[in-house]
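The values are calculated or read from the model by the stated rules, or taken from the named source; none is laboratory data. None of these values were measured; they are calculated from a predicted model. No Cβ is skipped: glycine too gets one built from the backbone with ideal geometry, and neighbour counts run over all protein chains shown.
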Amino acid sequence: MPYDLKFIPKILLCGDKSEFFLQVGNRPFKIIGHAKISGEDFNFVQDNKIFFNDKLQDLPALVNFLRSGEVDYFVFTGLSEFATFRNNAYKRGFLSSQVISAEQFKFSPLEFFYDMSADFYLLPRLKNVAIKTLLDVDGYFFKGRIFTKLENDFTEIDTVTDKSLPPIVENIYTHVYKNFSEVGFKRYDAVLILERPPAEFESLINFLENFSDKIITFARPGSELERHIYNTAENFSEVYGLRGGAGNWFFFTRQKPPESFCNYVVTHKPTPHKDKLPDGYTIIHAGREGKEDLGYIGDDTGDNISRLNLYINEITALYWMWKNTNHTILGLSHYRRFFTESDDENFSYEKILTEDAARKILEDYDIIVSRVYFGGLTQHEFVINDCGEDLAIFGEAVLRKHLLQAQPDYLDAFEYVLNSTTFFKCNMFVTRRNVLNAYCKWLFSFLIDATEEALRIANLQELSWSPRRLMSFLAERMLTVWLIKNRLRIKELRIMQVEGL
């Protein structure tokens, strides 16, 4: 999603123009003025012998010009003049990333203005505001001149690039991802993005919504982005600036819309739960098409696959949740099984995972699932045990065929789970909408077609209860398959079993 940044720096040049061209080559720039120094041995502080725009300039006037936004870099071709200016300006309290040598300009990033004092201003600030994880979206650090995190080992920094980076970047980054698909669903305390036109800035921060609620960016004085930030500050819950060497680092915290929670309790028969479940729990009748109305929400309304419930069980309720609700946090439980944080697995309504507890967990995790189940048999052997060897091999082949057609990158994870003695059972979870959407989009890209093919060939509807649920047993393993391939922060909880229902 990040755009190709186009940056043509505006330069105030001090020194010989032809020598400057020789030093910097053909990289893009625009010279907007030429400065010169009067005399061979000058002292800027005392003698004020620097001219530009045909006028003698003192330091305050020059500083104001550099901070006006009319110029990006003040570039010196002569090293002695550059050193003398910097030393004298520094004595007066002025040291800016805009004042550089031609050699420094030559090797500055092509895509953006680089604040060379970021190591002094930005990195320490990350620790002060407790940014423990940061996604460097545009590669600010590796494209610039920072080789280490200095003393800020507090912040874990990741980046996204398809370029080969030198080993020294390991001093900066914990993970280097080739693309955002590799980042997966990982969330960060903040994302760092580069200065860009306002429209692209807004588009990018919308794209990054699922990665972090905090955005950090740099804006040069007088730039379009700086004006845009000041004009739209009310759209964020918090905005504050940190002066850098040649502009401001802005920290934004996006306003969160109210989150709605619903944990759907799947049933196919009357239960005693209706008025006893915690707030935020709703019973859904799975497979209600053609059945008696039990007085619960049914999975046969709206966009639905209720007709397949005999073969894939609670998966029809999952499909209905995906297609027909807009809750920002969703969960799936069973009328006989509920998540609990208690170590005591004996059922009681008081021990069911509450909405508040689930929200708290999801501040640090992406999904809540069952404790990983170890049953001694491989998943392939489990399906054989439930459906018989011939039918199990048939069902796996059909599912493998459709998985290969729709999601070939997951075939290795599918084989791994089939041959594993562990998995997350019962299709139970609590997660945010973006995770549910991604999982369901993946799952239903192949499961419905595979189930309908199995029905046509094996006449599942004519089989007894357990073999008829062949595709349900296989579908139950699919959440584990998907989690293996995606980077989610997983919280495992115990499941309480309700006896006698």
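Tabulated results
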{"item": "Residues that are in a helix (DSSP H, G or I), over 15 Å from residue 313 (Cα atoms) and in contact (Cβ under 8 Å) with a residue 60 or more places away in the chain, drawn from segment 460-492", "result": "480, 481, 482, 483, 484, 485"}
{"item": "Cβ pairs under 6 Å, 6+ apart, first in segment 195-223 and closer than 17 Å to residue 256 by Cα, second assigned to a helix (DSSP H, G or I)", "result": "210/434; 215/205"}
{"item": "Sole exception among (1) surrounded by 16 or more Cβ atoms within 10 Å (Cβ to Cβ); (2) of a type in the set (A, V, I, L, M); (3) free of Cβ contacts under 8 Å to residues at least 12 places away in the same chain for residue 436, by number", "result": "(3)"}
{"item": "Candidates 282, 301, filtered to the one that is more than 30 Å from residue 418 (Cα to Cα), part of a strand (DSSP E or B) and in the same structural domain as residue 436 (by TED's automatic domain parsing)", "result": "282"}
{"item": "Residue 400, sole failed condition from (1) surrounded by fewer than 21 Cβ atoms within 10 Å (Cβ to Cβ); (2) of a type in the set (D, E, K, R); (3) within 36 Å of the chain's Cα centre (by Cα); (4) at pLDDT below 95", "result": "(4)"}
{"item": "Residue match in segment 358-367 (condition: under 30 Å from residue 210 (Cα atoms), in contact with a helix residue (DSSP H, G or I) (Cβ under 7 Å, 6 or more places away or on another chain) and either in the same structural domain as residue 465 (by TED's automatic domain parsing) or in contact (Cβ under 8 Å) with a residue 40 or more places away in the chain (or both))", "result": "yes"}
{"item": "Subset of segment 158-189 that is surrounded by 12 or more Cβ atoms within 10 Å (Cβ to Cβ) and hydrophobic (A, V, I, L, M, F, W, C) - its residue that is farthest from residue 132 (Cα to Cα)", "result": "165"}
{"item": "Given (1) in contact with a Phe, Trp or Tyr (Cβ under 7 Å, 6 or more places away or on another chain); (2) exposed (fewer than 15 other Cβ atoms within 10 Å of the Cβ), number of the condition residue 88 does not satisfy", "result": "(2)"}
{"item": "Residues of segment 216-250 satisfying the condition of being crowded, with 20+ Cβ neighbours inside 10 Å and farther than 20 Å from residue 69 by Cβ", "result": "216"}
{"item": "Residue 410 vs. criteria buried (at least 16 other Cβ atoms within 10 Å of the Cβ) and assigned to a helix (DSSP H, G or I)", "result": "yes"}
{"item": "Verdict on residue 147 being aromatic (Phe, Trp, Tyr), crowded, with 20+ Cβ neighbours inside 10 Å and either closer than 23 Å to residue 112 by Cα or outside the structural domain of residue 238 (by TED's automatic domain parsing) (or both)", "result": "no"}
{"item": "Residue that is surrounded by fewer than 20 Cβ atoms within 10 Å (Cβ to Cβ) and over 28 Å from residue 356 (Cβ atoms), where the choices are 303, 279", "result": "303"}
{"item": "Exclusive hit being out of contact with any Gly (no Cβ under 6 Å at 6 or more places or on another chain) and surrounded by fewer than 17 Cβ atoms within 10 Å (Cβ to Cβ), set 113, 107", "result": "107"}
{"item": "Residue identified as on the phi > 0 side of the Ramachandran plot and either at pLDDT 95 or above or in the same structural domain as residue 473 (by TED's automatic domain parsing) (or both) among 309, 313", "result": "313"}
{"item": "Among residues of segment 93-116, those that are in a loop (DSSP other than H, G, I, E, B) and farther than 21 Å from residue 221 by Cα, counted", "result": "1"}
{"item": "Subset of segment 249-288 that is within 34 Å of the chain's Cα centre (by Cα) and β-branched (Val, Ile, Thr) - its residue that is farthest from residue 303 (Cα to Cα)", "result": "253"}
{"item": "Selection count, segment 239-276, where residues are among the basic types (Lys, Arg) and in contact with a strand residue (DSSP E or B) (Cβ under 7 Å, 6 or more places away or on another chain)", "result": "2"}
{"item": "Residues being touching a strand residue (DSSP E or B) at 6+ places or on another chain (Cβ under 7 Å) and within 20 Å of residue 308 (Cα to Cα) - total across segment 426-464", "result": "3"}
